[in-house]
Amino acid sequence: LFLENFKMARNDMSAIKWLDLNNRLLAINPQTGGWLLLDDLCKEIVSLIESGLTTEEISHQCAGVPFSEIDRLKNLLYIHNLIVTKPSKKQKCSSSCQRKHYPSLAVVKVTMACNFKCTYCYADAGLDQSSYMSSETAHKIVDEYVRMNPDNCVTMLMHGGEPLLNYKLVKDITEYSKQYGDKVKVIIQTNASLINDEIAEYFKANNIIVGISLDGPAPYQNATRCLQNGKGSFDQVLRGVRCLQKHDVSFGALGVMTANVAEHIDEILDFFLANDIYQF
């Protein structure tokens with residue numbers, strides 16, 4: 001049924017489609033693959049955003065919903081590829097329209113080492129530091145992506161292995177990118193086990209968007225995402241989550257959809273929501 005609905009959504013050219021999912025609403029953009037789990041009020045606001053109304057106009061039509069909440073939703077829709085920015089129809093095409101478009105997202109493997117040993121991981125990772133990327137290589141990546149995208153922002157996604165094992169380089173890339181102003185956005189995908197107050201404060205101060213790897217409650221997390229010694233990682237990851245929340249760091253969770261997780265999807269979703277994790 002989901003696939004049939006998805007095919008129907010693709011045949012309709014309006015961007016965002018809505019599917020009922022266990023008494024919740026799943027917003028999908030079939031053109032980009034972006035999705036978010038939202039509620040009825042958000043659906044109304046999203047439709048007004050799509051129509052091109054300003055934040056002030058939307059707030060007026062929606063009984064005074066705060067501007068900050070509308071802007072936050074707009075940002076979520078953009079980050080998760082539900083809406084994309086388009087040039088105004090009134091603008092004339094310039095020579096830049098003919099430029100070749102290069103990738104603007106770099107997945108920067110700052111290390112292939114990891115303190116976890118997840119059962120489904122593509123890398124048989126250990127704690128070997130010989131796989132740490134150098135500052136010289138990282139700087140070249142930033143410079144080249146900026147050079148290739150003179151009219152667009154670029155994103156540096158810190159990845160691994162576990163990138164926080166090479167936290168020194170994560171900070172180095174962040175500081176080096178500042179010479180380009182707002183043109184470079186830094187994101188990190190981490191298992192969250194190494195996050196402490198110092199790291200969370202740095203993320204917050206530098207507007208680093210954080211993705212954490214979390215499959216759900218302890219039985220599901222510990223079954224697949226194990227430490228190097230084979231023990232479960234749930235307690236360490238949840239401690240990192242609480243630290244991010246303590247410092248008001250924006251983050252989302254990425255879970256792997258194993259057969260075991262899929263059979264308990266209601267429990268997984270309820271776990272995220274109960275722990276104030278709304279992007280996953």
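Some observations on this one:
- Whole-Hz ³J(HN,Hα) from phi, Karplus 6.51 cos²θ - 1.76 cosθ + 1.60, for region 226-235, glycine and proline x: 9, 6, 4, 8, x, 7, x, 10, 4, 4
- Across the cross-link table entries 109/204; 178/231; 43/168; 43/117; 74/168; 17/168, which are compared at the Cα atoms, the separations over 30 Å belong to 178/231; 43/168; 43/117; 74/168; 17/168.
- Cα shape, region 171-280, gyration tensor, a/c 1.5 rule: prolate
- The chain, relative contact order in percent, only Cα pairs under 8 angstrom and at least six apart counted: 13 percent
- Heavy-atom accessible surface of the chain, averaged per residue, reaches 57 Å², computed with a 1.4 Å probe.
- Förster radius 45 Å - calculated FRET efficiency between residue 151 and residue 129, Cβ distance, rounded to 0.05: 0.70
- Centre separation in Å (Cα based) which lies between region 247-280 and region 104-166: 24 Å
- With coordinates expressed along the principal axes, the C-alpha atoms belonging to region 111-223 extend over 46, 29, 25 Å, beginning with the largest.
- Of the solvent-accessible surface of the chain, computed with a 1.4 Å probe over protein heavy atoms with every protein chain present, carbon and sulfur atoms account for 53 percent.
- A crude spin-label estimate for the pair residue 40 and residue 229, with each label 7 Å from Cα along the Cβ direction, gives 5.1 nm.
The values are calculated or read from the model by the stated rules, or taken from the named source; none is laboratory data. Remember, predicted model here, so these are calculated numbers, not experimental data. Cβ coordinates were reconstructed from backbone atoms using ideal geometry, including for glycine residues, and neighbour counts include every protein chain displayed. What goes into the accessible areas is simple: the full protein's heavy atoms, side chains included, and nothing from ligands, DNA or RNA. Shrake-Rupley method; radii C 1.70, N 1.55, O 1.52, S 1.80 Å.
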